[in-house]
Amino acid sequence: MKNWFKLLFVCAVSVFAFSACTKDEDEISLSQELVTGTWDVVWVEEDGETLDLPKGYIYMTLTEGGNYRTVMFGDSYSGTYRISGNTVIGTTRDPITEYYRFTSLDGNKATIDYSNSTGDKMKFRVEKR
């Protein structure tokens with residue numbers, strides 16, 4: 001009887017452990033058609049601080065031709081981008097690499113984990129124009 005309970009316990013733990021694992025990168029598969037356009041950041045979180053933003057303070061424009069432009073508080077960065085799974089990877093002319101990892105996408109609204117090769121990390125809520 002003890003062996004039966006041990007086996008049942010091991011099975012229950014195994015089911016729980018495997019159901020808790022997800023592949024975030026596979027949940028959203030981006031395409032150029034989905035991302036092309038201008039995305040306005042309406043909310044940002046950096047270092048635990050959050051801020052609601054009016055449209056136009058931070059935005060990213062992605063073209064069909066693989067070019068992009070990011071504007072952050074008046075500074076702009078231009079370059080080329082590619083898509084890898086759920087991430088738009090842009091390289092500016094400086095060169096700085098920017099990563100826009102889409103963690104959710106619902107029509108013209110998305111959440112993005114942003115990071116770049118200089119160490120900046122932010123979370124965005126965005127709306128497509």
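Take the range 113-129 and flag every residue that is of a type in the set (Val, Ile, Thr) and over 15 Å from Leu53 (Cα atoms).
Within the range 113-129, the subset of a type in the set (Val, Ile, Thr) is 118, 126.
Result: Thr118, single match.
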Condition first: under 18 Å from the mean Cα position of the chain (by Cα), of a type in the set (A, V, I, L, M) and modelled with pLDDT under 95. Can you find one or more residues in the range 65-74 that meet it? yes
If you go through the range 51-62, how many residues are in contact (Cβ under 8 Å) with a residue 12 or more places away in the chain and either among the charged types (D, E, K, R) or surrounded by 15 or more Cβ atoms within 10 Å (Cβ to Cβ) (or both)? 8
Qualifying positions in the range 31-45 - among the charged types (D, E, K, R) and loosely packed, with under 11 Cβ neighbours inside 10 Å: Glu33
Only one of (1) buried (at least 18 other Cβ atoms within 10 Å of the Cβ); (2) among the small types (Gly, Ala, Ser); (3) more than 21 Å from Glu45 (Cβ to Cβ) is not met by Gly90, so which one is it? (3)
Going through the range 26-50 in order, the residues found to be touching a residue at least 12 places away in the same chain (Cβ under 8 Å) and either among the polar types (S, T, N, Q) or within 17 Å of Pro95 (Cα to Cα) (or both) are Ser29, Ser31, Gln32, Thr36, Thr38
Condition check for Arg69: over 12 Å from Val126 (Cβ atoms), surrounded by 15 or more Cβ atoms within 10 Å (Cβ to Cβ) and of a type in the set (D, E, K, R): yes
Could you say which residue among Gly48, Gly85 is in contact with a helix residue (DSSP H, G or I) (Cβ under 8 Å, 6 or more places away or on another chain) and either of a type in the set (D, E, K, R) or surrounded by fewer than 19 Cβ atoms within 10 Å (Cβ to Cβ) (or both)? Gly85
Quickly run through the range 99-121 and pick out the residues that are in a strand (DSSP E or B) and surrounded by fewer than 18 Cβ atoms within 10 Å (Cβ to Cβ). Tyr99, Thr103, Ser104, Asp106, Lys109, Thr111, Asp113, Ser115, Asn116, Lys121
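The values are calculated or read from the model by the stated rules, or taken from the named source; none is laboratory data. These numbers come from a predicted model, not from an experiment. When we count neighbours, we look across all protein chains shown, and the Cβ atoms used for this are built from the backbone with ideal geometry, even at glycine.
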